[in-house]
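The values are calculated or read from the model by the stated rules, or taken from the named source; none is laboratory data. Treat the numbers as computed from the prediction; the structure is a model and nothing was measured. Note that we place each Cβ from the backbone using ideal geometry, even for glycine, and neighbour counts take in every protein chain shown.
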Amino acid sequence: MTYIKKTFFKSILLFFVVCWSSSAQKDYKLWLQYNKVDNDNLKTEYLSNIKEIVSLGKSETSQIAFTELQSALDEMLGKKFENKSITTGDHNIIIGSKESLAPEIQKEIGNFDQINDEGFIIKSISIKNKKQLVITGKTDIGVLYGVYSFLRLMQTNKSIQNLNITDAPKTNIRILNHWDNLDRTVERGYAGFSLWNWQKLPDFIDQRYIDYARANASIGINGTVLTNVNANALILTPQYLEKVEALSNVFRPYGIKVYLTARFSAPIEIGGLKTADPKDAQVINWWKNKAKEIYKRIPDFGGFLVKANSEGQPGPQNYNRDHVDGANMLADAVAPFGGVIMWRAFVYSEHDANDRAKQAYAEFVPYDGKFKDNVIVQVKNGAIDFQPREPFHPMFGAMPKTPLMMEFQITQEYLGFSTHLVFLPKLFQEVLESDTYQKGKGTTVAKVIDGSLNKTKLTGIAGVSNIGNDLNWTGHPFAQANWYGFGRLAWNPYLDSETIADEWLRCTFSNDENFIKPVKQMMMQSREAVVNYMTPLGLHHIMDTGHHYGPGPWVSNLSRPEWNPVYYHKADKNGIGFDRSKTGTNATAQYAPEVEKMFDNLETCPEKDLLWFHHVSWDYKLKNGQTLWNGLALKYQEGVNQVAAMQNIWNKTQKYVDEERFKEVQMLLEIQHKEAKWWRDACLLYFQQYSKKELPLGVEKPTQSLDYFKSLKFPFAPGN
Ligand code: GCV
């Protein structure tokens, strides 16, 4: 090859490497893209309002806040502002906590009592006729949150003139639950392996840990449970605690506390005791010493998350004790250090023949008011298990004397893994807005969770993480929006999911309205689409077994009845659906009378929940006049059509998106479309055996037989 040819090929290669890496970095940068401001008027406004940065704090957190502001402004405005520690002139951005502010500035800011310790105030003030913009809070963490909020304004093309923003989180614990195992596999994880490289810790601090903390801080997440709820006791040994300590040192300046899962049988497994009975003096002592040991290393350790007597995990019931005994014993161990116990209510027993949906309520509600002050009971959003749609968990309306925290699943175990685009904040909002009627109309789940309804001091929202070591963190570029949206709703459970989609799109991709409008619409309809093509009209738990990938309504051979899809849909020649009304299992009675009445009555039960609460004949007339069979089939088809519509929208966005993300999403939508058809065809062919009816007009004919769908096997499906 001649020299010229070689050089030519080299430059082409370099060009592709540079394009690839800058594009890949976009994926990695999440919603913190800090794209150049391309609106000239806004750019002028921003530049004329920001002359200098005055950063007053001295802590590591203050340094992070300053660096974030400085580099973001540099990227967005092309100007590098230095830190002026003394205010000169006007149009400075002054960042610092209340105590670092000069008295005259404090006075201008006004009342700091309107915010809690993590809140912030962003205010345009005038001092000695000089305009200044102050970002402040009671703590440096509050200031950091304020900086991220300010940068979000700029990223979403908002004016920064005459600002007067006061904001504070409505819940105390805003936490990710990582179902990460010590071997780095992630239970129900679809974005690669665990971020935590236990083998290299504590000495090797991966940049990823810092970037993870930064991303979380930017949306107000303040806690992380590093390990799987199906826990391994080894994490509590000194060998691992040293590694946990290293991670907590990285996360601390970002306001993030570390929590661990506690395996109830740890005193036996790593403590050499003969029992883990929570009333045994040696066991009690073991946990107290363990807590002391942890807090010596990690003074701000958050506490433990516990899955006990659930799906084979050990717990107090192994010793004829109950959940209160177990939770309170651990609570006593961490209480001297300010720790909390998050005790999960995800329980159902193989020895209980009752409707699985009723079991957690039946077991936990009698314990109301019996837990120690530093225990919070973590309840999944619905009574079964993170299905595409579930009515809100009845426990939220029934334990006024117990702090309850929400558990959402961000990872898409039942919603298409990381190949389906589903914007989950829509689902989260639906649950948070549900009215429990605990204290009359308007007593929503959000009010239970944020403590405002029952004056609960300890409050929280947990999200089962969808993060792994994939370059783009979450497998699907749009799954980043679910991490983002979870954080935003944990901060403020009253936020509207459409606002969240809007923010995320602008920060992650572009402010161009021609992009935002259709893509936002695509995101907003994506959750209903997945419900339609997987589990319309209240169907649930009809996925394939074990890995939970794809449809499996036919599965009936599992050892525990409530693991089988046939247990849930109960399709027969008469109809389909689980009768949980008073003619059935009477699960409806677990709700407040107003809600019970609504769900119980076929006429008033929302059609979206119909087959959750009722067994309905194939000829039952839906509100639109269709028979149930036809309506069901048309819903499946609608789901497929909605994905096709999403593809159409996305295909027109090429000019607004970098090549890599455009292509990724395009390919993923194609998979989603294929799989939506798979769900439709497999479910309809299966149910048709019972309805014995033709598919209605408008529903495409399946291209494969039911036997074909039943024969599909996925031994290496991820996350299992
Ligand atoms: C961590 C479901 C999932 C399990 C998960 C469990 C839980 O059953 O399939 O993987 O276990 O929920 O939330 O504890």
* Would you say D203 is of a type in the set (D, E, K, R), more than 16 Å from the ligand (Cβ to nearest atom) and at pLDDT 95 or above? -> yes
* Could you pull out the residue among P565, P553 that is within 22 Å of D352 (Cα to Cα), in contact (Cβ under 8 Å) with a residue 24 or more places away in the chain and over 22 Å from the mean Cα position of the chain (by Cα)? => P565
* Asked: Does L471 satisfy being in the same structural domain as E407 (by TED's automatic domain parsing) and buried (at least 24 other Cβ atoms within 10 Å of the Cβ)?
  -> no
* Per-region count, region 23-60, residues of a type in the set (S, T, N, Q), in contact (Cβ under 8 Å) with a residue 24 or more places away in the chain and under 21 Å from Y484 (Cα atoms) -> 3
* To do: Please go through region 46-77 and pick out each residue that is closer than 20 Å to Y254 by Cα, assigned to a helix (DSSP H, G or I) and among the hydroxyl-bearing types (S, T, Y).
  => T61, S62, T67, S71
* Structure fact -> Residue hits (region 263-282; of a type in the set (A, V, I, L, M) and either crowded, with 23+ Cβ neighbours inside 10 Å or under 22 Å from the mean Cα position of the chain (by Cα) (or both)) are A266, A276
* To do: Residues being over 27 Å from N41 (Cβ atoms) and at pLDDT 95 or above: count how many of those fall in region 59-100.
  => 14
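Would a scan of region 300-311 turn up a residue that is part of a helix (DSSP H, G or I) and more than 16 Å from the ligand (Cβ to nearest atom)?
No, the conditions are met nowhere in region 300-311.
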* **Qualifying positions in region 129-173 - touching a residue at least 12 places away in the same chain (Cβ under 8 Å), closer than 21 Å to N511 by Cβ and among the basic types (K, R)** => R152
* Structure fact -> Counted residues in region 335-351 being touching a helix residue (DSSP H, G or I) at 6+ places or on another chain (Cβ under 6 Å), farther than 15 Å from G460 by Cβ and more than 16 Å from the ligand (Cβ to nearest atom) come to 1
* **Criterion: assigned by TED's automatic domain parsing to the domain that holds Y348, within 16 Å of the ligand (Cβ to nearest atom) and not small (G, A, S) - qualifying residue of T459, T419, T411** => T411
* **Identity of the residue in region 181-200, of a type in the set (G, A, S) and within 17 Å of the chain's Cα centre (by Cα), that ends up farthest from the ligand (Cβ to nearest atom)** => A191
* To do: Inspect all residues belonging to region 239-262 and state whether any of them is assigned to a loop (DSSP other than H, G, I, E, B), within 16 Å of the ligand (Cβ to nearest atom) and crowded, with 18+ Cβ neighbours inside 10 Å.
  => yes
* To do: Quickly run through region 537-565 and pick out the residues that are more than 16 Å from the ligand (Cβ to nearest atom) and buried (at least 19 other Cβ atoms within 10 Å of the Cβ).
  => L537, G538, L539, P551, P553, W554
* Structure fact -> Of (1) surrounded by fewer than 17 Cβ atoms within 10 Å (Cβ to Cβ); (2) out of contact with any Ser or Thr (no Cβ under 8 Å at 6 or more places or on another chain), D117 fails just (2)
